[in-house]
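Trainee: Just dropping this structure here.
The values are calculated or read from the model by the stated rules, or taken from the named source; none is laboratory data. Fair warning: this is a prediction, and the values are worked out from it, not measured in the lab. Neighbour counts run over all protein chains shown; Cβ positions are idealised from the backbone, glycine included. These area figures cover heavy atoms from the full protein model, side chains too; ligands, DNA and RNA do not enter into them. Shrake-Rupley method; radii C 1.70, N 1.55, O 1.52, S 1.80 Å.
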Amino acid sequence: MRHQILAGKLLVALALMISLASFAFAEEMKGMDMSGEGGMDISKSGTVDLDLSNMKEGEMEAMSGGPGMDHDMHMGHGSMKNMSKHMAYTTLRPETAEDKTRASSVVTDLQRALAKYKDYQAAQADGFKPFHPELKQKVVHFTKNWYALKAAFTFNPAEPTSLLYERTRDGGYKLIGAMYTDRKNASEDQLNERVPLSVARWHRHINLCLPARGADMKTADWTKYGFNGSIATKEECDAAGGRFYPQVFGWMVHVYPWEQNPKLVWAR
């Protein structure tokens, strides 16, 4: 009987967690009308699903940083002169021995968890799906939605939201790192509890302006729009007739656990 009661409580707790996640997701989507043409689904946990059936040519590329640019915009490819306008970082804190030990433990746990995913097909079999591999990206995010949902509530170093794969010449993928995420409204103290802010700098994507709904994406001026566009305020975006989003996705941090130089493990 005691076990049945415990099992019942666990089921109730799980149902409550899912309900809260659904409610939070619905609340976040209010005022962010991205349905219909060019529609996309941005979740609290930092993942994104684009509706390709409604996505106009050019807008999809814009969401990956513009034509010919990497979705992983921290790898240093392409022209990034306006990137600082659309990125916000956590404040770097003074390093402590405790922080170094804690960050090292995260990396060790991650290395163990990722060992089997050096084969990208094993990652896919476990539910990691590539983020639009048809785009011309040198680095592709393989995301697991269940881990993304859990990341909005708790942190497990062995369960990153995304795996980072670099394309290989033979058409395959080489595993180079992973990405952790947290909800949009997480405080810096809460992020620090996951990965020390003296070792890593979490980031978020802000001040995004997209062309007006129904605009011809082929002729849109992508020097102004998108993650690398010159427009970074609502006033400028309104004047251009665009759609402004103060923040897209949640907080995120990349980790490259096999880098030989310790300074590069959390470099981006």
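Trainee: Given a 1.4 Å probe, how much area per residue of region 97-178 is accessible, in Å²?
Mentor: Ligands and nucleic acids excluded, the figure is 52 Å² per residue.
Trainee: Here is a follow-up. Under the 0.36 nm per residue contour assumption, what length would be gained going from the current alpha-carbon distance of A115 and T96 to full extension?
Mentor: Details: separation 19, 0.36 × 19 = 6.84 nm, distance 2.89 nm.
Taking 0.36 nm per residue and subtracting the Cα distance, the gain is 4.0 nm.
Trainee: May I pose another question? Holding the Cα-Cα limit at 19 Å, pick out from K138/K224; K118/K184; K85/K138; K116/K174 the pairs that are longer than that.
Mentor: Values: K138/K224 24 Å; K118/K184 30 Å; K85/K138 23 Å; K116/K174 12 Å.
The pairs that break the limit, which is 19 Å between Cα atoms, are K138/K224; K118/K184; K85/K138.
Trainee: Extending each Cα 7 Å along its Cβ direction at T223 and A125, get the distance between those two points in nm, one decimal.
Mentor: 5.0 nm
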